[in-house]
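Beneath this line is the structure, given in structure tokens, with notes to follow.
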4 protein chains.
Amino acid sequence: MEPSLTTLRDALRQFAAERDWDRFHTPKNLAAALSVEAAELLEHFQWLTEDESRALPPGTKAEVATELADVLLYLVRLADQLGIDLHAAATAKIAANERKYPADQVRGSARKYNR
Amino acid sequence: MEPSLTTLRDALRQFAAERDWDRFHTPKNLAAALSVEAAELLEHFQWLTEDESRALPPGTKAEVATELADVLLYLVRLADQLGIDLHAAATAKIAANERKYPADQVRGSARKYNR
Amino acid sequence: MEPSLTTLRDALRQFAAERDWDRFHTPKNLAAALSVEAAELLEHFQWLTEDESRALPPGTKAEVATELADVLLYLVRLADQLGIDLHAAATAKIAANERKYPADQVRGSARKYNR
Amino acid sequence: MEPSLTTLRDALRQFAAERDWDRFHTPKNLAAALSVEAAELLEHFQWLTEDESRALPPGTKAEVATELADVLLYLVRLADQLGIDLHAAATAKIAANERKYPADQVRGSARKYNR
């Protein structure tokens with residue numbers, strides 16, 4: 001199975017359909033749930049130093065992987081409910097960022113990060 | 001180009017390398033940035049009714065698509081910095097949810113949602 | 001004891017000092033912790049309808065009260081670490097909002113909410 | 001005017017009543033708005049080092065003060081809509097934390113932070 005967002009989208013569609021959960025999955029609710037999952041992810045890092053965050057113990061790393069998955073699944077589900085092509089949006093955003101932050105101008109200066 | 005998470009991961013690696021931005025992209029910082037982007041997404045929905053959230057005006061939908069992209073890009077970047085296979089984690093989580101919420105038991109009862 | 005923000009601020013100062021926890025309470029970390037607590041609060045509401053959110057069962061209401069407290073405590077602590085007068089900032093913001101949204105112009109039109 | 005949460009609560013009640021905005025201020029919506037404001041606060045800190053976060057430039061500090069105010073105002077409003085005494089909840093939580101983290105046992109060990 002090719003590891004694509006389409007595969008995940010279809011699996012989530014079937015999952016919700018089998019449980020009759022589409023009615024809970026309004027964009028408003030999914031956006032809230034996504035935000036909550038992102039915070040659960042952040043919780044693992046909130047008291048760590050930046051260096052510590054680069055070297056998680058294996059148990060924490062496994063928990064973080066599950067939180068990352070939760071964020072992705074709500075993200076894919078929300079995009080699907082809105083009829084938005086998530087991969088196309090992401091590709092367009094990378095292209096926009098490349099125009100906004102030209103490598104030869106921002107390299108080493110970290111302009112974005114020193115506002 | 002196959003629309004895969006691997007493609008996005010590689011594009012983001014190159015983007016950060018060309019700008020020397022890896023040093024800002026610690027997992028702690030990326031987790032915070034991801035949470036901030038998820039909230040910017042939620043902001044579009046916070047005063048809407050659930051029905052309104054299903055029928056966004058085109059302008060809002062385009063803005064929401066960009067916010068979805070921002071969340072995905074930080075998510076892919078964070079998983080990469082942590083050495084986590086995002087697609088594998090998501091697939092494992094779907095399988096875990098299927099075991100946790102058997103369709104024949106939760107269908108129509110919405111057990112999860114009436115805690 | 002007068003129920004003031006000053007009272008809470010002083011209690012939190014003493015609490016952190018007695019445990020030598022000031023070093024963890026950097027503004028960056030406290031801002032992350034505040035955001036995490038706000039999401040834990042939101043989690044209670046994410047699948048509820050707006051009407052349901054107005055009529056929480058007593059057990060949920062007690063849990064929500066604790067989450068509200070967590071948000072307030074991190075907020076007071078963060079303001080203190082930054083040397084910001086929280087009550088003065090809030091009073092100034094109410095005044096700014098009164099100028100931004102004149103009652104006679106926005107009444108019934110909900111301009112803010114129909115962007 | 002004594003700087004109390006009660007003063008802020010009453011000012012916000014009047015503000016909403018004068019604009020007929022109570023109908024937007026359901027607990028579900030206010031919890032989402034609170035979470036969004038907390039993230040806007042976090043955004044100021046996301047790329048800073050912990051040391052940098054302790055020494056904000058004056059302009060940033062003023063912006064942060066406004067974000068702190070936004071969080072407090074939504075928090076006070078949400079507690080009011082739910083009929084929760086915010087100050088009492090915060091005082092109870094401090095007492096609970098004192099029991100949970102006895103100073104003589106956690107001092108210097110930072111047990112909470114080294115899970």
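Within region B:34-60, which residues are more than 10 Å from chain D (Cβ to nearest Cβ), open to solvent by less than 50 Å² (accessible area, probe 1.4 Å), of a type outside the set (S, T, N, Q) and assigned to a helix (DSSP H, G or I)?
Residue satisfying the conditions is B:Gly59 alone.
Would you be able to say whether some residue in region B:90-99 is more than 13 Å from chain D (Cβ to nearest Cβ), closer than 30 Å to B:Asp10 by Cβ, open to solvent by less than 10 Å² (accessible area, probe 1.4 Å) and free of Cβ contacts under 8 Å to residues at least 24 places away in the same chain?
So far as region B:90-99 goes, yes, one or more of its residues are more than 13 Å from chain D (Cβ to nearest Cβ), closer than 30 Å to B:Asp10 by Cβ, open to solvent by less than 10 Å² (accessible area, probe 1.4 Å) and free of Cβ contacts under 8 Å to residues at least 24 places away in the same chain.
Name every residue in region B:22-33 that is open to solvent by 50 Å² or more (accessible area, probe 1.4 Å) and farther than 19 Å from A:Ala95 by Cα, in order of residue number.
B:Arg23
For region A:67-89, name all the residues that are without any contact (Cβ under 8 Å) to a residue 12 or more places away in the chain, buried (at least 17 other Cβ atoms within 10 Å of the Cβ) and either more than 15 Å from the chain's Cα centre (by Cα) or closer than 25 Å to B:Thr26 by Cβ (or both).
If the condition is that a residue be without any contact (Cβ under 8 Å) to a residue 12 or more places away in the chain, buried (at least 17 other Cβ atoms within 10 Å of the Cβ) and either more than 15 Å from the chain's Cα centre (by Cα) or closer than 25 Å to B:Thr26 by Cβ (or both), then A:Ala69 is the only one that fits.
Of all residues in region C:22-33 being more than 7 Å from every other protein chain (Cβ to nearest Cβ) and not in a helix (DSSP H, G or I), which is modelled with the highest pLDDT?
Result: C:His25.
For B:Arg19, are the conditions met, namely being open to solvent by 50 Å² or more (accessible area, probe 1.4 Å) and either at pLDDT below 95 or in contact with a helix residue (DSSP H, G or I) (Cβ under 8 Å, 6 or more places away or on another chain) (or both)?
no
Among the numbered criteria (1) part of a helix (DSSP H, G or I); (2) open to solvent by less than 60 Å² (accessible area, probe 1.4 Å), which one does C:Glu63 miss?
C:Glu63 satisfies every listed condition except (2).
Taking the criterion of being surrounded by fewer than 21 Cβ atoms within 10 Å (Cβ to Cβ), acidic (Asp, Glu) and more than 7 Å from every other protein chain (Cβ to nearest Cβ), would at least one residue in region A:7-15 satisfy it?
Yes, region A:7-15 has at least one match.
The values are calculated or read from the model by the stated rules, or taken from the named source; none is laboratory data. In this text the structure is predicted, and so the values were computed from the model without any measurement. Cβ sites come from the backbone with ideal geometry, for glycine too, and all protein chains shown count toward neighbours. Heads up: the accessible areas ignore ligands, DNA and RNA and are worked out on the full protein's heavy atoms, side chains in. Shrake-Rupley method; radii C 1.70, N 1.55, O 1.52, S 1.80 Å.
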